[in-house]
Amino acid sequence: MHQKLPVGIDLFEDLRKQDYYYVDKTNFIRDLLQNRGAVNLFTRPRRFGKTLMMSMLQAFFEIKTDQPLPQQKPDFLEINEGFFKDLAITKEHLICEKYMNQHPVIFLTLKTVEGKTFEDALGRLAFQIANECIRLAFLAHSARVDKDYISIFKSLKAGKATTQQLAGCLRILTRMLHAHYGQKVILLLDEYDVPLDKAFDHGYYDDMIGFMRIFLGEAFKTNPALEFAVVTGCLRISKESIFTGINNLEVDTILDNHYDEYFGFTDEEVKKMLADYCLCSSHDQLRLWYNGYHFGQANVYCPWDIVNHVKKLHNDTQTKPEAYWNNTSSNALVKRFIDKADATTRKEIEQLIAGNTIDKTVLSNLTYAEIDESIDNLWSVLLLTGYLTQKPALEKLPRNTLRLCIPNEEIKEIFIEKIQKWFATTLRTDKAKEDQAKLYQAFLEGDCDTIQEILRLYLRTSISYYDGQENYYHGFLAGLLTGGPWAVESNRESGTGRSDIILYPVDDSIGVVIEIKPAKDLTMIPRMCESALAQIKNHSYQDAFLASEIKQARLFGIAFWKKSCGVTGQLVAIDHDCE
């Protein structure tokens, strides 16, 4: 019987306790202890295993009792019978003897610290701090802890701390734990930059940056209770803006080599997983879709994608790859850049989608204010957030210049379906809005000539993709139709197949079914329009409306070739009597 695959499981002890499949990354502990600074910042894109790694550190280092030290150190038998049984770190006997379960640990994740206002975000942070205080509730009764600290601790635990107490809470908690155990504290802070990202998006960035400067400074600067800290995030925020005065900061980014294989799965690890689930034949497909990230000197897969897809393949070997990462990453920063994009930027995006590379200056150390200053910073953000990766260049490039490319088919699909839509949205000036309203009306009235004319206008003024792939045009059209007097559904099962786009009118007036075909050249457009329309009728895609009050539907076959298109249509009745 195969082990369960841990989709959505990012707590190490839960994963091990419930016998989920685990790709062994525990030698990260060894390398961290050999190379660590007082504060260690690791930046990687979302969904590359940062939270699970932090949870693994907590499981390894944390004292498993609320009783003060001294306590008996683990022997070799205990090491191999616990959560780390049979894992690589247990071969490091001296490290396990010295460090395993020998330190108090604070573990906070800031991934949910967000809100439309600064006060909302602080409320979410207070909730996270209160949860950690509840976990450490024994400190309120410790005879070794200063009574003044206990009073503040109770306010934190009740979620009633002042802003000043919240800002200094990490220093207070580390000192309380140090006093109680007589052992220095390891502080784990996950997704530290999420509050800044959300604050930037909602307009209270200055308030949040001021708070975070104190929050982190109190924890990290000259704190005798701190053994060391590990911090993770997506972006490396400039030292001058948030890490002011923290001179003991060690930073590891996707451009560094020390820990390049620990965040993400290597090809060998993916091959082993596929072999463990008897899915070896799927390796080439997974490599095409989910590999291609170049961190340091390592090529890695996105773990989130691999675990999700292997789980689906295990249940159905015919499962097709899909963009699992699509909705897991914050897109606000990327969208801001699209609003600033000029024709040159759009052309460069087009080159990337076509499989080419571009050479760009990349800055891995920015403030959010600097990020928003120039469209040139788009490339740094796309690289650091996982939309692009570096490709090793044979020749020497100028300082801070990297050769960038789209890492794999999954991300190319996201570019085609999402980023192209955002570009289309930026084209919606007053004139464009008028054209869009005409487009909506033309679909309802079956005016194929007007639909064709307006679509050609958009194709001429938006970035394009000349590889003739249907999913580009699908995303392009779905983006244009979003916001009309209907609900838009893509790739919906209907009749005896799966239709490209279905429009459900809000007033149950008339439904719309659209099938899209790419043409090989200009002369093939009319033939492909008829082929698309025939496919709708042959598979009865209009049956999607049988469960509604809709009595008629307009069927459209649309064919594209580069910046040209053709449209053919037909009005049909919905036969509710055949249900």
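The values are calculated or read from the model by the stated rules, or taken from the named source; none is laboratory data. Owing to the predicted nature of the structure, the values given are computational and were not obtained by experimental measurement. Neighbour counts run over all protein chains shown; Cβ positions are idealised from the backbone, glycine included. Side chains included, ligands, DNA and RNA excluded: accessible areas come from the protein's heavy atoms. Shrake-Rupley method; radii C 1.70, N 1.55, O 1.52, S 1.80 Å.
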Residue within segment 523-536 that is within 30 Å of residue 349 (Cβ to Cβ), surrounded by 20 or more Cβ atoms within 10 Å (Cβ to Cβ) and small (Gly, Ala, Ser) present: yes
Those residues of segment 160-196 which are of a type in the set (Ser, Thr, Tyr) and under 19 Å from residue 111 (Cβ atoms), in sequence order: 192
Qualifying residue in segment 531-552 (condition: over 37 Å from the mean Cα position of the chain (by Cα) and part of a strand (DSSP E or B)): yes
Meets criteria (at pLDDT below 95, among the hydroxyl-bearing types (Ser, Thr, Tyr) and open to solvent by 40 Å² or more (accessible area, probe 1.4 Å)) for residue 204: no
Among (1) exposed (fewer than 14 other Cβ atoms within 10 Å of the Cβ); (2) at pLDDT below 90; (3) on the phi < 0 side of the Ramachandran plot, the one test that residue 499 misses: (1)
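For segment 350-369, which positions are in a helix (DSSP H, G or I) and modelled with pLDDT of 70 or more?
Let us first name the residues in segment 350-369 that are in a helix (DSSP H, G or I), namely 350-353, 368-369.
Listed by number, the residues that qualify are 350, 351, 352, 353.
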Residue selected from segment 503-514 under the condition touching a Phe, Trp or Tyr at 6+ places or on another chain (Cβ under 7 Å) and in contact (Cβ under 8 Å) with a residue 24 or more places away in the chain, by the criterion surrounded by the fewest Cβ atoms within 10 Å (Cβ to Cβ): 504
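Under the condition of being assigned to a helix (DSSP H, G or I) and of a type in the set (A, V, I, L, M), which residue from segment 125-141 is surrounded by the most Cβ atoms within 10 Å (Cβ to Cβ)?
125
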Matching residues in segment 21-47 - criterion: being of a type in the set (Phe, Trp, Tyr) and in a loop (DSSP other than H, G, I, E, B): 21, 22
Tally of residues being surrounded by fewer than 20 Cβ atoms within 10 Å (Cβ to Cβ) and out of contact with any strand residue (DSSP E or B) (no Cβ under 8 Å at 6 or more places or on another chain) across segment 210-247: 12
Residue 314 vs. criteria touching a His at 6+ places or on another chain (Cβ under 9 Å), open to solvent by 40 Å² or more (accessible area, probe 1.4 Å), touching a residue at least 60 places away in the same chain (Cβ under 8 Å) and outside any strand (DSSP E or B): yes
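Residues are listed down the side, and each one gets a yes or a no for (1) closer than 19 Å to residue 200 by Cα; (2) within 22 Å of the chain's Cα centre (by Cα); (3) assigned to a loop (DSSP other than H, G, I, E, B):
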residue: 345; (1), (2), (3): no, no, no
residue: 348; (1), (2), (3): no, no, no
residue: 380; (1), (2), (3): yes, yes, no
residue: 397; (1), (2), (3): no, no, yes
residue: 404; (1), (2), (3): no, yes, no
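Out of curiosity, is residue 243 over 19 Å from the mean Cα position of the chain (by Cα), assigned to a loop (DSSP other than H, G, I, E, B) and of a type in the set (Phe, Trp, Tyr)? Outline the logic, then answer.
Values: over 19 Å from the mean Cα position of the chain (by Cα): yes; assigned to a loop (DSSP other than H, G, I, E, B): yes; of a type in the set (Phe, Trp, Tyr): yes.
So residue 243 fits the description; yes.
Which residues, taken from segment 179-196, are among the hydroxyl-bearing types (Ser, Thr, Tyr) and closer than 27 Å to residue 122 by Cβ? Show your work before the answer.
Within segment 179-196, the subset among the hydroxyl-bearing types (Ser, Thr, Tyr) is 181, 192.
Scanning segment 179-196 gives a single hit, 192.
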Residue under evaluation residue 286, criteria (1) open to solvent by less than 10 Å² (accessible area, probe 1.4 Å); (2) more than 20 Å from residue 186 (Cβ to Cβ); (3) part of a loop (DSSP other than H, G, I, E, B), criterion not met: (3)
Tally of residues being within 25 Å of the chain's Cα centre (by Cα) and either charged (D, E, K, R) or surrounded by fewer than 16 Cβ atoms within 10 Å (Cβ to Cβ) (or both) across segment 28-55: 4
Qualifying residue in segment 293-300 (condition: farther than 21 Å from residue 27 by Cβ and either touching a Leu at 6+ places or on another chain (Cβ under 8 Å) or among the polar types (S, T, N, Q) (or both)): no
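Can you give me the ranges of the helices (runs of 4 or more DSSP H) entirely in segment 406-452 with at least 2 residues that are surrounded by fewer than 19 Cβ atoms within 10 Å (Cβ to Cβ) and either at pLDDT below 90 or of a type outside the set (Ser, Thr, Tyr) (or both)? Break it down into steps so the answer makes sense when it comes.
Details: elements: 409-414, 420-426, 430-445.
Output list reads 420-426, 430-445.
Can you tell me how many residues in segment 485-516 are assigned to a strand (DSSP E or B), of a type outside the set (A, V, I, L, M, F, W, C) and either under 31 Å from the mean Cα position of the chain (by Cα) or over 16 Å from residue 448 (Cα atoms) (or both)? Break it down stepwise before answering.
Step one: of segment 485-516, the residues assigned to a strand (DSSP E or B) are 486-494, 497-505, 511-516.
Filter once more, keeping what is of a type outside the set (A, V, I, L, M, F, W, C): 489-494, 497-500, 504-505, 511, 515.
If we keep only those that are either under 31 Å from the mean Cα position of the chain (by Cα) or over 16 Å from residue 448 (Cα atoms) (or both) too, we end up with 489-494, 497-500, 504-505, 515.
Looking only at that region, the number is 13.
Would a scan of segment 28-38 turn up a residue that is under 25 Å from residue 325 (Cα atoms) and modelled with pLDDT of 95 or more? Walk me through it before giving the result.
So in segment 28-38, the residues under 25 Å from residue 325 (Cα atoms) come out as 28.
With modelled with pLDDT of 95 or more added as a condition, the list becomes 28.
Within segment 28-38, one or more residues are under 25 Å from residue 325 (Cα atoms) and modelled with pLDDT of 95 or more.
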Every pair of residues 6+ apart whose Cβ atoms lie under 7 Å, when the first sits in segment 19-36 and is touching a residue at least 12 places away in the same chain (Cβ under 8 Å) while the second is surrounded by fewer than 16 Cβ atoms within 10 Å (Cβ to Cβ) and part of a helix (DSSP H, G or I): 24/88; 26/88; 27/88
Residues being open to solvent by 60 Å² or more (accessible area, probe 1.4 Å), modelled with pLDDT of 90 or more and outside any loop (DSSP other than H, G, I, E, B) - total across segment 77-96: 3
Single unsatisfied condition, residue 470 versus (1) modelled with pLDDT of 80 or more; (2) in contact with a strand residue (DSSP E or B) (Cβ under 7 Å, 6 or more places away or on another chain); (3) under 16 Å from residue 533 (Cβ atoms): (1)
Counted residues, segment 84-131 - those being of a type in the set (Val, Ile, Thr) and farther than 18 Å from residue 32 by Cβ: 5
Number of the condition not met by residue 544 [criteria: (1) surrounded by 19 or more Cβ atoms within 10 Å (Cβ to Cβ); (2) over 16 Å from residue 452 (Cβ atoms); (3) at pLDDT 95 or above; (4) among the aliphatic types (A, V, I, L, M)]: (3)
Test: residue in segment 3-13 that is within 19 Å of residue 230 (Cβ to Cβ), assigned to a loop (DSSP other than H, G, I, E, B) and open to solvent by 20 Å² or more (accessible area, probe 1.4 Å): yes
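Filter segment 142-152 for residues that are hydrophobic (A, V, I, L, M, F, W, C) and farther than 17 Å from residue 182 by Cβ; which is least open to solvent (accessible area, probe 1.4 Å)?
Filtering segment 142-152 down to residues hydrophobic (A, V, I, L, M, F, W, C) leaves 143, 145, 150, 152.
Next, from what is left, pick out any that are farther than 17 Å from residue 182 by Cβ: 150, 152.
Numbers: 150: 21, 152: 40 Å².
It comes out as 150.
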